[in-house]
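Asks: What follows is a structure written as structure tokens; I'll ask about it next.
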Amino acid sequence: MSRAPDARLRTVMEALVRHLHAFAREVRLTEPEFELGIDFLNRIGQATHDAHNEGILFSDALGFSTLVCLLNNGQNGATETASALLGPFWRQNSPATDNGGSIVRSATPGPALFADCRVVDPKGNPLAGVEVDVWQASPVGLYENQDSTQADMNLRGKFTTDADGRFWFRSVKPAGYPVPTNGPVGTLLEAQGRHPYRPAHLHFLCSKPDFKTLITQVFVDDDQHLESDVVFGVTRQLVGDFRPGAGVPPAADIDGPWYQLDYTFVLEPGLSTLPTPPIR
Ligand code: BEZ
Ligand code: FE
């Protein structure tokens, strides 16, 4: 290790090897278990393709993605909105959508949702021109790229905040869904006796030059799995207030229950970077 010119690589690899060896000693790892572990890692790779990232899912199910997220965000008196893991389903190039527009791009079940959101700086000043990428699963339990019956980019859209820092859109109230269980991570969850559900949520990625990119999720307050999210993503601040709509519905086609979500995101000054998309 001492000959590696990259000091950070030396630090990371030295600690990784130390902890990996300590782990094997602590559990007295047997040779069949070692083989099973290597086979598991290989199967994670084999299950990964352009439209699915089993590696991220594995990290998510171990709570590791959330740990890395919390270590890198919201520390040292930070005032930004809490972050939550990116997850395996963010796609680049979601369709630019005008404020007030709908991200429902093909027939999708579920009550209508009207989201009215703001993005502000730590002093509460509105931030105009923030790009906000929004994505969510259909209430059938699948993201559009997992489900050929949904239109391409269904329930995905990119908004820009107006002069008051506002962005607003129509969607459907999200429902909880199971993470994909047809790969090795599903086998592991089953062996651990864990349920595969994520509580209902919307994903948000807010970016603006000279502000730290915020990747987060807002959770539906009445979901039964808020306290047992399979990927450990829920923090109290991120539980939204999904109010049942009252009075005249905001759109003529609504003939059942509908919901209203108001949420304010706080961005801190900092570096604007985008993550590498886990899928295409
Ligand atoms: C998601 O919220 O999209 C997600 C996060 C982790 C694992 C699977 C899905
Ligand atoms: Fe999700």
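The values are calculated or read from the model by the stated rules, or taken from the named source; none is laboratory data. Quantities reported herein were computed from a predicted structural model and do not represent experimental measurements. As a convention, Cβ positions derive from the backbone with ideal geometry for all residues, glycine included, and neighbour counts pool all protein chains shown. The protein model used for the area step is the full one, side chains on, heavy atoms only, and it has no ligands, DNA or RNA in it. Shrake-Rupley method; radii C 1.70, N 1.55, O 1.52, S 1.80 Å.
Asks: State yes or no: is residue 160 β-branched (Val, Ile, Thr) and within 17 Å of residue 60 (Cβ to Cβ)?
Replies: Working: β-branched (Val, Ile, Thr): yes; within 17 Å of residue 60 (Cβ to Cβ): no.
So residue 160 does not fit the description; no.
Asks: Condition (residue is within 30 Å of residue 254 (Cα to Cα), of a type in the set (Phe, Trp, Tyr), open to solvent by less than 70 Å² (accessible area, probe 1.4 Å) and at pLDDT 95 or above) applied to the range 56-67: is it met by at least one residue?
Replies: Of the range 56-67, the ones within 30 Å of residue 254 (Cα to Cα) are none.
So far as the range 56-67 goes, no, none of its residues is within 30 Å of residue 254 (Cα to Cα), of a type in the set (Phe, Trp, Tyr), open to solvent by less than 70 Å² (accessible area, probe 1.4 Å) and at pLDDT 95 or above.
Asks: Give me the residue from the range 184-242 that is of a type in the set (Lys, Arg) and in contact with a strand residue (DSSP E or B) (Cβ under 8 Å, 6 or more places away or on another chain) and, out of that set, surrounded by the fewest Cβ atoms within 10 Å (Cβ to Cβ). It would help to see each step written out before you state the result.
Replies: Taking the range 184-242 first, the residues of a type in the set (Lys, Arg) are 194, 198, 208, 212, 236.
With in contact with a strand residue (DSSP E or B) (Cβ under 8 Å, 6 or more places away or on another chain) added as a condition, the list becomes 198, 208, 212.
Working: 198: 24, 208: 21, 212: 18.
So, considering only residues that are of a type in the set (Lys, Arg) and in contact with a strand residue (DSSP E or B) (Cβ under 8 Å, 6 or more places away or on another chain), the one surrounded by the fewest Cβ atoms within 10 Å (Cβ to Cβ) is 212.
Asks: Does residue 25 satisfy the criteria of being away from ligand 2 (no atom under 16 Å from the Cβ), surrounded by 13 or more Cβ atoms within 10 Å (Cβ to Cβ) and either without any contact (Cβ under 8 Å) to a residue 12 or more places away in the chain or over 19 Å from the mean Cα position of the chain (by Cα) (or both)? Reasoning before the result, please.
Replies: On the way: away from ligand 2 (no atom under 16 Å from the Cβ): yes; surrounded by 13 or more Cβ atoms within 10 Å (Cβ to Cβ): no; either without any contact (Cβ under 8 Å) to a residue 12 or more places away in the chain or over 19 Å from the mean Cα position of the chain (by Cα) (or both): yes.
No; evaluated as a whole, the condition is false for this residue.
Asks: Looking at the range 149-163, can you tell me whether even one residue there is at negative phi, hydrophobic (A, V, I, L, M, F, W, C), outside any strand (DSSP E or B) and more than 11 Å from ligand 2 (Cβ to nearest atom)?
Replies: Among the residues of the range 149-163, at least one is at negative phi, hydrophobic (A, V, I, L, M, F, W, C), outside any strand (DSSP E or B) and more than 11 Å from ligand 2 (Cβ to nearest atom), which makes the answer yes.
Residue-by-condition table, conditions (1) acidic (Asp, Glu); (2) touching a residue at least 60 places away in the same chain (Cβ under 8 Å):
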| residue | (1), (2) |
| --- | --- |
| 199 | no, no |
| 204 | no, yes |
| 212 | no, yes |
| 215 | no, yes |
| 236 | no, no |
| 255 | yes, no |
| 259 | no, yes |
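Asks: Moving on. Please go through the range 1-18 and give me each residue that is part of a helix (DSSP H, G or I) and open to solvent by 100 Å² or more (accessible area, probe 1.4 Å), ordered by number.
Replies: First pass over the range 1-18, keeping only residues part of a helix (DSSP H, G or I): 7-18.
Passing the criteria: 8, 18.
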